[in-house]
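The values are calculated or read from the model by the stated rules, or taken from the named source; none is laboratory data. The shown structure was predicted, so the numbers you read here are calculated from the model rather than taken from an experiment. Methodologically, a virtual Cβ is constructed for each residue, glycine included, from the backbone with ideal geometry; neighbour enumeration extends over all protein chains shown. What goes into the accessible areas is simple: the full protein's heavy atoms, side chains included, and nothing from ligands, DNA or RNA. Shrake-Rupley method; radii C 1.70, N 1.55, O 1.52, S 1.80 Å.
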Amino acid sequence: MARVGFIGTGEIASLMVQGLAGQGHEIVVSDRNAEVAARLAATVPGLRVASNREVVAAADIVILCLLARVADEALTGLPFRAGQSVISVMVDVGLAKLQKLCAPATDIAITIPLPPIATGGCPLPVYPASPALEMLFGARNRVFTVRDEVALNAHFGATALCSPFLAQVLTTAAWLTEFTGDADQSQAYVRDVLRGYLPENGEKGHLGAALQSLSTEGGLNATLRAAMNEANADLRAGLDGFRGRLGLEGKKT
Ligand SMILES: NC(=O)c1ccc[n+]([C@@H]2O[C@H](COP(=O)([O-])OP(=O)(O)OC[C@H]3O[C@@H](n4cnc5c(N)ncnc54)[C@H](OP(=O)(O)O)[C@@H]3O)[C@@H](O)[C@H]2O)c1
């Protein structure tokens, strides 16, 4: 059990609080955004709302959920302590800057939560390794410790697959609906087909084996994949387009 403080009480903080609620942690959130803080206080037993200064003073683990543009103003002068753990979810605030803003705390890590953090099952890439993140979220979510900050930033790029992937799922479901007349059922069917084929583990070549099992020459799967070959090249080009934006330039392997 830990005393957990949130600085910044917006969308992602709210989802992370939901993911932590009911597990015996003492949770304190900053009084910004006041509306979200009040809603959390009303729904999460024992949750306290306090000033940024009080949040940092009260917490063993501080979770930073601010927009990058307010990080300097909001964090400068807060009473961080050596021995305190800090977890930042801010896009665009690097480790070197966090180390300055949160000194004398040194156990500082950056992670990338996504909305499923509220219920569990959210992949959590992190750099550097964070026992605090593992302790708070590791039981319900899989933590992926990565080797450096560049590798972490590349995970932002990988999350962008969600939108084009869902667009393809919807295109397929819309095509199916032309024959079934039932859009809800068609969407549920396409979703369930994909879930059925995705292996539990992505590592040890399981994904490649799943694809291999769908590669019968002349089969519908192999035929459609061949017809969409250029889409994969477009995907790769789109991901490479993030290199400058995510600070991945020059990184080969
Ligand atoms: N949303 C996601 O799914 C997601 C996923 C991964 C990472 N992130 C990252 O998480 C961070 C927050 O994103 P978000 O979507 O949660 O944004 P958001 O909903 O806009 O929340 C930002 C919060 O910061 C508060 N804030 C502003 N100035 C402050 C200050 N001086 N002191 C304390 N709090 C202050 C805001 O309060 P007011 O409303 O009162 O200004 C608001 O509660 C971003 O860096 C984002 O990149 C978000």
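Within region 221-234, no residue that is more than 14 Å from Q168 (Cα to Cα) and in the same structural domain as T171 (by TED's automatic domain parsing) sits with its Cβ atom under 6 Å from a residue that is modelled with pLDDT of 95 or more and open to solvent by less than 90 Å² (accessible area, probe 1.4 Å) at 6+ positions apart or across chains. Among the residues making up region 128-162, those that are part of a helix (DSSP H, G or I), without any contact (Cβ under 8 Å) to a residue 60 or more places away in the chain and under 16 Å from L20 (Cα atoms) are P131, L133, E134.
Could you please let me know if E134 is of a type in the set (D, E, K, R) and not assigned by TED's automatic domain parsing to the domain that holds L64? Break it down into steps so the answer makes sense when it comes.
Working: of a type in the set (D, E, K, R): yes; not assigned by TED's automatic domain parsing to the domain that holds L64: no.
Judged against the criteria, E134 is not a match.
Counting only helices (runs of 4 or more DSSP H) that fall entirely inside region 180-253 and contain at least 3 residues that are open to solvent by 90 Å² or more (accessible area, probe 1.4 Å) and of a type in the set (S, T, N, Q), no element qualifies. The residue that is nearest to S130 (Cα to Cα), among those in region 63-97 that are in contact with a Ser or Thr (Cβ under 9 Å, 6 or more places away or on another chain) and open to solvent by 10 Å² or more (accessible area, probe 1.4 Å), is S85. State whether the residues of region 25-46 include one that is exposed (fewer than 13 other Cβ atoms within 10 Å of the Cβ) and under 21 Å from S130 (Cβ atoms). No, that holds for no residue. Annotation: of all residues in region 1-24 being β-branched (V, I, T) and within 12 Å of the ligand (Cβ to nearest atom), the one that is most open to solvent (accessible area, probe 1.4 Å) is I12. Taking residues in region 174-198 that are among the basic types (K, R), and partners anywhere that are in a helix (DSSP H, G or I) and open to solvent by 70 Å² or more (accessible area, probe 1.4 Å), not one pair has Cβ atoms closer than 8 Å while being at least 6 places apart or on different chains. Residues of region 15-49 being without any contact (Cβ under 8 Å) to a residue 40 or more places away in the chain and small (G, A, S), which ones? Correct list: A21, G22, G24, S30, A34, A37, A38, A41, A42, G46.
The residues of region 107-137 that are surrounded by fewer than 14 Cβ atoms within 10 Å (Cβ to Cβ) and touching a strand residue (DSSP E or B) at 6+ places or on another chain (Cβ under 9 Å), listed by number, are A129, P131.
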